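The values are calculated or read from the model by the stated rules, or taken from the named source; none is laboratory data. Being a predicted model, the structure only gives us computed values, none of them experimental. Don't worry about glycine lacking a Cβ; one is built from the backbone with ideal geometry, like all the others, and counts go over all protein chains shown. For accessibility, only protein heavy atoms count, side chains too; no ligands or nucleic acids. Shrake-Rupley method; radii C 1.70, N 1.55, O 1.52, S 1.80 Å.
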Amino acid sequence: MNNNKSFIYILTFSLLLLTSETSLFAQTAKLHVDVGVNHFYKNRYMEAYKEFKQALEVDPNYAEAYYYLGRLYKAQGFTKEAIVEFQLAVRLKPDYLAAKRELEELTKSYESDINQQIRNQGRETFKNTQFLSMTADEAESRARQAINQNKTDEAIRYYTIITKERPNDASSHKMLGFLNFKTNRFTDSLESYKKAAKLSPTDPEIPYAIGLIYMKTKSPEKAETYFKNAIKLNSKMVKAHFALGEAYEAQAKLDDAVFQFRKCLELNPNLKEAKGKLDYMVGKQSYNYYTRGSYFYQRGEYDKALPLLSMAKSHGSLTADQKRQTEEMLNASQYWVNKQQAEKRVSDERAQVMSQANIGRSISPLDVSNNPNSYIGKAVEWEGDVEFINENRGKLSICVNGNSKYDAETNMDYCFIVNLPKSVKEDHRISGYSSISVKGKITKVEKIYYDGVGYSSRKQPIVEAAEITFRREDYDDSPLVLRF
């Protein structure tokens, strides 16, 4: 009894495991089909084919994979192969209405053509015999006739004979490349054009044609390279400039695309296609500049916002409200950029003053008083004791005695004024009991007024501080260093 129960448990567990695995396979196969369908509707047939095949590797009985393989073959004109896939889908899933409809439609079409195919078979065998014994000159004559009659497939067969007979004839390879391109045989077309390129490396039409193949196969970055090569060989090749613009557009390189479409109009002002492209691109580009400029403006990065907003304005194609907003943001950005640039100039100048101040240490306030014109604008590094501090609108003006041997109340020849360019926080080290060292620039000379003493006998130097250090001997604190 226990053995029977154990067997039942094992059997049940195995069935559950099998069901779980089957479900997992179905989900994985479905995922491949879903991805493949996305590729299919975007005309990426090779990628779609790989996904449908991978789905069948996971689950060989997944009817939907056969159905979409059938649709893929049908879209590419492979009727016989499509019928086989639809038959497999219906065999696995008899109630698959969509697959049954596709199968019935293709079968009728195929059967209606079968009689014609049989009639053609005899003619085709005869033609093949003729092809094998045909000379290159005869093939060329017949190829021209086939092209005039719009029989492209027949012309391809003739040119295949020509290129075998004349392997070093660049024009034949080039024509075969063109005919294959015309019938969407892009791999064969590329092979022919590359052979032609080796035989005729200075022909701009060949890299241009190769670029078109890469555009058709969704590889604009490769197309870009070949269009550029064509332009190097012929800078006035309008169609190459236009194609290069489209390659840039496909890669979202809007500035480069606009440049190429404008180049087209320089070479041919009547090219409507280039004008239409340019109008569209300029409008798209203008809005792109507007949104990016607005983004940087909101972040306070005015130096980045300014050029983008300027280009948005110059390109036009904005709504009235967007134009107004652009103008407002432009003016504000310009104000802040100017302010930042002015502050940077002052900061750079003060940094230069600090680096040069050591050179002016030998200059004394008395030297400046005696010969001010020689020293105004010079950088100096001076030390001394604070005599008094005045404040005007939060900015400090400090009178300093640069020579402790002399009493400032009786001799102000070694005194100078230090102006701080910015307001500073209160600090007990900024005091009339402090000593300072200052790096700064002499801006002018004027008489100093000492309360209770009067004016100095001569004009004394006024220094704008770039860096100042305050020290108080009666405090254990470290010195206060201020840089501006």
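Odds and ends about this structure:
- The single condition from (1) at pLDDT below 90; (2) among the hydrophobic types (A, V, I, L, M, F, W, C); (3) crowded, with 21+ Cβ neighbours inside 10 Å that Ile448 fails is (1).
- Some residue of the range 243-252 being surrounded by 14 or more Cβ atoms within 10 Å (Cβ to Cβ), farther than 30 Å from Ile206 by Cα and modelled with pLDDT of 90 or more: no
- Scanning the range 379-397 for residues that are touching a Ser or Thr at 6+ places or on another chain (Cβ under 6 Å) and of a type in the set (D, E, K, R) yields a count of 3.
- Annotation note: Cβ proximity below 8 Å between a residue of the range 256-274 that is closer than 11 Å to His241 by Cα and a residue that is in a loop (DSSP other than H, G, I, E, B) and open to solvent by 60 Å² or more (accessible area, probe 1.4 Å) (sequence gap 6+ or interchain) occurs for Leu267/Lys236.
- Of the candidates Lys164, Lys174, Lys151, the single residue that is under 45 Å from the mean Cα position of the chain (by Cα) and surrounded by fewer than 20 Cβ atoms within 10 Å (Cβ to Cβ) is Lys151.
- Single residue of the range 340-365 satisfying the filter (open to solvent by 80 Å² or more (accessible area, probe 1.4 Å) and of a type in the set (Lys, Arg)) that is farthest from Ala379 (Cα to Cα): Lys344
- Of all the residues in the range 182-203, those that are closer than 16 Å to Ala240 by Cβ and buried (at least 19 other Cβ atoms within 10 Å of the Cβ) number 2.
- Residue pairs whose Cβ atoms lie under 7 Å apart, separated by 6 or more positions or on different chains, with the first residue in the range 76-89 and surrounded by 20 or more Cβ atoms within 10 Å (Cβ to Cβ) and the second modelled with pLDDT of 90 or more and small (Gly, Ala, Ser), are Ala82/Gly70; Glu85/Gly70; Phe86/Gly70; Phe86/Ala99; Ala89/Ala63; Ala89/Gly70; Ala89/Ala99.
- Pairs are defined by a Cβ separation below 8 Å, a sequence spacing of at least 6 or placement on different chains, a first member in the range 135-150 that is at pLDDT below 90, and a second member that is open to solvent by 70 Å² or more (accessible area, probe 1.4 Å) and assigned to a helix (DSSP H, G or I); the pairs so defined are Thr135/Glu165; Ala136/Glu165; Ala139/Glu165.
Okay, residues lined up against (1) at pLDDT 85 or above; (2) crowded, with 16+ Cβ neighbours inside 10 Å:
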{"site": "Glu57", "(1), (2)": "yes, no"}
{"site": "Tyr73", "(1), (2)": "yes, yes"}
{"site": "Ile114", "(1), (2)": "no, no"}
{"site": "Gln121", "(1), (2)": "no, no"}
{"site": "Gln130", "(1), (2)": "no, no"}
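- The range 293-326, subset modelled with pLDDT of 90 or more and open to solvent by 70 Å² or more (accessible area, probe 1.4 Å), residue nearest to Gly276 (Cα to Cα): Arg324
- Pairs, first farther than 19 Å from Glu224 by Cα in the range 187-209, second polar (S, T, N, Q) and open to solvent by 20 Å² or more (accessible area, probe 1.4 Å), C-beta under 7 Å, six or more apart: Leu199/Asn168
- Within the range 435-480, tally of residues that are within 28 Å of Ser355 (Cβ to Cβ) and assigned to a strand (DSSP E or B): 25
- Test for Thr225: is it closer than 26 Å to Gln76 by Cβ, open to solvent by 20 Å² or more (accessible area, probe 1.4 Å) and of a type in the set (Ser, Thr, Tyr): no
- If you filter the range 366-417 down to residues that are touching a Leu at 6+ places or on another chain (Cβ under 8 Å) and part of a strand (DSSP E or B), you find that the one that is surrounded by the most Cβ atoms within 10 Å (Cβ to Cβ) is Ile398.
- Within this structure, Val424 passes the test of being out of contact with any Ser or Thr (no Cβ under 8 Å at 6 or more places or on another chain), of a type in the set (Val, Ile, Thr), within 29 Å of Asp348 (Cα to Cα) and touching a residue at least 40 places away in the same chain (Cβ under 8 Å).
- Annotation: Asn61 fulfils all but one of (1) open to solvent by 40 Å² or more (accessible area, probe 1.4 Å); (2) touching a Leu at 6+ places or on another chain (Cβ under 7 Å); (3) assigned to a helix (DSSP H, G or I); the unmet one is (3).
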